[in-house]
Amino acid sequence: MAQLTCRNLSLGYDGLEILHDLSFEVNAGDYLCIVGENGSGKSTLMKTMLGLQSPIGGKILTGDGLRENEIGYLPQQTLVQRDFPASVWEIVLSGCQSRCGMRPFYSKEEKQLARDNMEKMGISSFAKRCYRELSGGQQQRVLLARALCATQKLLLLDEPVSGLDPKVTQEMYRLIYDLNKNDGITIIMISHDIAAAVKYASHILHVGSEVFFGTKQEYIESEAGRHFADEGSDEG
Amino acid sequence: MSELFEKAAVYFEYPFVRYAIIVGVLISLCSSLLGVTLVLKRFSFIGDGLSHVAFGAMAIATVLRISNSMIFALPVTIICAILLLRTGQNAKIKGDAAVAMISVGALAIGYMLMNLFPASGNISGDVCSTLFGSLSILTLTETEVRLSAILSLAVILIFIFSYNKIFSVTFDENFSRATGTRAGAYNLLIAIVIAIIIVIAMNLVGSLLISALVIFPALSAMRIFKSFKSVTICSAVLSVLCSLTGILVSVLGSTPVGSTIVAVDIVVFFAFMFIGHFKRGAKA
Ligand SMILES: Nc1ncnc2c1ncn2[C@@H]1O[C@H](COP(=O)(O)OP(=O)(O)OP(=O)(O)O)[C@@H](O)[C@H]1O
Ligand SMILES: [Mg+2]
């Protein structure tokens with residue numbers, strides 16, 4: 001069975017439908033890119049998959065031994081208030097919270113895991129720094145390290161590269177790709193960068209007026225993909 | 001000066017003075033713990049509203065001549081905390097409007113009841129001490145002292161054991177929810193703890209000044225410290241020192257205990273603001 005299955009999913013806010021009758025599945029080790037215009041409902045879809053809001057209709061099923069507390073998440077915007085006092089270390093470690101269950105304190109292994117993930121993201125040197133004093137790219141790495149503490153299996157990323165410079169963007173894509181290839185973590189990522197999506201992803205989900213789901217090869221050959229790719233090259 | 005010390009020495013002869021000071025320290029310690037969460041989670045309005053509810057409940061308890069009004073005020077305030085949290089979430093009436101309604105309503109009804117059914121000859125004195133705290137912490141009864149001590153210890157223990165969860169839920173509720181932490185349950189816990197703090201802190205500073213006791217130490221600590229842990233520890237230490245100073249000053253100078261403590265808190269806040277500015281200026 002697939003890790004995550006969406007069956008005839010309808011979603012939206014206050015009974016107002018944004019996406020209708022969506023069906024797709026994500027298997028272990030997949031790299032799914034969700035693309036579509038602004039406001040087409042990508043973030044809403046992700047929040048629904050995470051159980052932050054309930055779908056209007058249809059079902060979301062998890063399988064393959066995936067439990068609710070084994071999902072990592074990188075939000076589009078983290079509404080961290082301007083003067084929240086939190087160090088990088090505290091934030092990364094808080095990713096281990098889902099492993100704790102009712103246990104009140106973090107174990108040695110969890111602290112080690114947080115250290116390892118900070119190493120992986122190259123942020124060990126500012127463990128003691130204050131989160132809100134970091135640059136956007138550094139903050140994004142901190143949140144990715146936190147998400148990695150929460151999961152070994154499935155990572156959901158909502159526009160992880162928005163606001164990053166081209167160099168850091170490429171590094172970020174590389175990091176995510178390595179997580180998928182080397183650590184076998186399933187990736188579901190929202191992105192506006194079609195070129196990168198086509199380069200790294202194994203599957204594409206296009207939402208909007210036309211819905212498409214399939215492998216990236218199928219996408220390149222499809223109407224939706226050609227349409228979107230054309231638009232992209234017009235702008236560039 | 002030595003006269004003051006002698007006066008203090010005389011006071012400390014009495015065991016109930018020492019108990020009162022211990023209770024004052026415990027109350028201020030636990031009220032500072034949730035300060036950061038309250039300030040940052042925009043729960044501070046709930047705290048404010050609840051303190052008015054507690055006032056109403058105390059008034060009703062006085063009218064009904066319940067000997068220990070805390071025993072009555074505690075469950076009422078907790079229930080209101082839970083209700084406010086609920087309405088804040090699925091809002092037909094917006095959260096802060098609901099808070100305003102409940103808090104102003106409780107104030108009005110409380111005051112009216114106290115006037116209609118006066119428990120003692122001195123109504124305005126009663127009202128004043130419920131709003132601004134007892135004139136002196138030394139007037140607390142032994143049961144009140146004991147109950148406050150037990151509740152404070154409970155709050156401190158709860159806080160220590162859910163410290164990490166409170167941090168996660170305060171920092172990023174969506175993330176904790178998405179990764180399987182039961183954020184709703186911890187919000188509820190936070191609300192209940194706030195309610196307990198408010199009821200016990202009413203003894204010390206009265207219902208109008210509680211927010212100051214909860215928020216000032218956290219705001220002061222946030223001027224200088226940058227991690228959640230250091231801010232929490234600093235605000236706990238600050239709160240204890242400020243109320244110790246406040247209690248001593250009020251005993252020796254016969255000033256009202258609540259407002260004296262808050263005044264000390266304010267002085268410390270400005271000192272920290274100054275240091276914070278200075279530190280940042282030095283760096284730049
Ligand atoms: N909290 C909300 N309540 C009501 N409607 C909302 C809410 N959040 C988003 N919407 C609406 O739902 C639609 C989809 O929003 P969503 O954030 O999912 O888009 P998106 O595809 O992620 O866009 P973007 O590419 O800009 O991130 C939009 O029309 C938006 O106005
Ligand atoms: Mg979005």
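The values are calculated or read from the model by the stated rules, or taken from the named source; none is laboratory data. Model, not experiment: these values are computed from the prediction. Neighbour counts run over all protein chains shown; Cβ positions are idealised from the backbone, glycine included. Only protein heavy atoms, including side chains, enter the accessible area calculation; ligands, DNA and RNA are left aside. Shrake-Rupley method; radii C 1.70, N 1.55, O 1.52, S 1.80 Å.
Here are the numbers for this structure:
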quantity	calculated
Cross-chain or 6+ apart pairs with Cβ under 6 Å, the stretch A:35-57 first and outside any helix (DSSP H, G or I), then near ligand 1 (Cβ under 6 Å from one of its atoms)	A:G36/A:K42; A:G41/A:I18
Checklist (1) open to solvent by 10 Å² or more (accessible area, probe 1.4 Å); (2) at negative phi; (3) of a type outside the set (D, E) applied to A:L156, failing item	(1)
Helices (runs of 4 or more DSSP H) lying entirely in the stretch B:1-107 (those with 3 or more residues that are modelled with pLDDT under 80 and closer than 19 Å to B:I166 by Cα)	B:44-63, B:69-89
Hits in the stretch A:142-162 - residues which are more than 16 Å from ligand 2 (Cβ to nearest atom) and of a type in the set (V, I, T)	A:V142, A:T151
Residue in the stretch A:85-103 that is over 30 Å from A:Y13 (Cα atoms), free of Cβ contacts under 8 Å to residues at least 40 places away in the same chain and away from chain B (no Cβ under 12 Å) present	no
Whichever residue in the stretch A:32-61 is away from chain B (no Cβ under 14 Å) and away from ligand 2 (no atom under 14 Å from the Cβ) and, among such residues, is surrounded by the fewest Cβ atoms within 10 Å (Cβ to Cβ)	A:K59
One residue from B:F216, B:F274, B:F278, B:F270 being under 13 Å from the mean Cα position of the chain (by Cα), more than 14 Å from every other protein chain (Cβ to nearest Cβ) and open to solvent by 40 Å² or more (accessible area, probe 1.4 Å)	B:F216
Only one of A:D83, A:D64 that is on the phi > 0 side of the Ramachandran plot and away from ligand 1 (no atom under 16 Å from the Cβ)	A:D64
Test result for A:V198, closer than 16 Å to A:Q76 by Cβ, more than 14 Å from chain B (Cβ to nearest Cβ), open to solvent by 10 Å² or more (accessible area, probe 1.4 Å) and of a type in the set (A, V, I, L, M, F, W, C)	no
Tally of residues being near ligand 1 (Cβ under 7 Å from one of its atoms), within 14 Å of chain B (Cβ to nearest Cβ) and part of a strand (DSSP E or B) across the stretch A:1-31	1
